[in-house]
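The values are calculated or read from the model by the stated rules, or taken from the named source; none is laboratory data. Everything numeric here is computed off the predicted structure, so don't read it as measured data. Reconstructed Cβ throughout: ideal geometry from the backbone, glycine too, with neighbour counts over all protein chains shown. Heavy atoms of the whole protein, side chains included, go into the accessibility calculation; ligands, DNA and RNA do not. Shrake-Rupley method; radii C 1.70, N 1.55, O 1.52, S 1.80 Å.
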Amino acid sequence: MKAVQYDHFGDLDVLEIRDVPRTPSRPGRVIVRVMTTSINPGEAAIREGLLAERWPSTFPSGQGSDLAGVVEEVGEGVTRFAPGDEVLGWTNERGSQAEYVSVPESQLTKKPAALSWEIAGSLFVAPLAGYASIDAVAPLPGETVVVAGATGGVGGVAAQLATLTGARTIGVASVRNHQWLRSREVVPVAYGEGLAERIREAASEDGGNGTVDAFVDAFGDGYVDLAVNELRVPPERVNTVIDFAAAQRLPGVKTEGSTQIASPEVIAELAALAAVGSVEIPIARTYRLEHVREAYRELALRHTRGKIVLVV
């Protein structure tokens, strides 16, 4: 089978498409023929060696966590799935960017019929991190939540889920993405100089008192400091999925992400919301597996709205 692999840390040029043996069936595991898998900034950081202490690597290393596909085989003891079932889920073994992947039964759920393959293969790393972020800061109806990077893979989901709680949601994003935020009942503000004041103004509209109750950082680049030091958000109600250094400097700031809440029940809940349109998962672009380098090159620009998907 074909799979993405690399032999050492490095830039895009270390990525190769290789022919590798397919993993045999094992007890408690499911062989999935992968239809789609999405890409994420954390994978690039791992490949570059930037997160080696947090998430060590062994070589040759594969890539990818998100996946959606069709069950090819089931191992002994598997009871929830059968060959031919359409499923989605994740692997913790950096192997979803491949034609086939072996996954524990507990990391899969049935794919809703109404859910596209592109979205189904995009729900684990980024959307679940958005879910985890909102769960971590726990907005209440009527409170004000700010999401930085509000149209990315993580922030876009976090902003929509915050709104579903009944909170007033403010999304920090480029002007070209403001209309999409408004369409999801999120108040947009542009990033850049004077951001704190623009956020306070937005938090004062429609009877608000100008106070920010909770903050989700899905972008990095100083937003945790902005939340705690300028907007005076209590640290325990700030969650970042990227700025771990700031979280270490500022006691109380949370770093909840997809791995902390990963379960088939949670991903099934998110899939159901996406299937009926309650949460939109924009797909920025799709690439074939063999064009994985080009996909990560586009991701590195950090200007896409939504997910970049590899079609296997």
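Anything in segment 280-301 that is among the hydrophobic types (A, V, I, L, M, F, W, C), in a helix (DSSP H, G or I) and open to solvent by less than 60 Å² (accessible area, probe 1.4 Å)? List them, or say none.
Correct list: LEU289, VAL292, ALA295, LEU299.
Set side by side, the residues ALA247, ALA271 differ, and just one is open to solvent by less than 30 Å² (accessible area, probe 1.4 Å) and within 29 Å of LEU12 (Cβ to Cβ), which is ALA247. GLY277 meets each of the listed conditions (1) part of a strand (DSSP E or B); (2) without any contact (Cβ under 8 Å) to a residue 12 or more places away in the chain apart from (1).
From VAL311, VAL216, which residue is aliphatic (A, V, I, L, M), more than 18 Å from ALA150 (Cα to Cα) and at pLDDT 95 or above? Steps first, please.
Working: VAL216 fails: more than 18 Å from ALA150 (Cα to Cα).
From the options VAL311, VAL216, the qualifying one is VAL311.
Within segment 168-188, if we keep just the residues that are of a type in the set (A, V, I, L, M, F, W, C) and open to solvent by 10 Å² or more (accessible area, probe 1.4 Å), the residue that is nearest to ALA214 (Cα to Cα) turns out to be VAL187. Within segment 1-59, being open to solvent by 20 Å² or more (accessible area, probe 1.4 Å), at pLDDT below 95 and among the polar types (S, T, N, Q) holds for THR23, SER25, SER57, THR58. For segment 189-230, the set of residues classified as crowded, with 19+ Cβ neighbours inside 10 Å, touching a Ser or Thr at 6+ places or on another chain (Cβ under 8 Å) and in contact (Cβ under 8 Å) with a residue 60 or more places away in the chain consists of VAL212, ASP213, ALA214, VAL216, ASP217, ALA218, TYR223, listed by residue number. Selection of first residues in segment 139-161 that are over 13 Å from VAL241 (Cβ atoms) and of second residues that are aromatic (Phe, Trp, Tyr) and open to solvent by 10 Å² or more (accessible area, probe 1.4 Å), restricted to Cβ pairs under 7 Å at least 6 apart or on distinct chains, gives the following pairs, ordered by first then second residue: THR151/TRP180; LEU161/TYR131.
Would you confirm, using the coordinates I've provided, whether GLY192 is out of contact with any helix residue (DSSP H, G or I) (no Cβ under 7 Å at 6 or more places or on another chain), in a loop (DSSP other than H, G, I, E, B) and closer than 19 Å to ALA132 by Cα? No, not satisfied.
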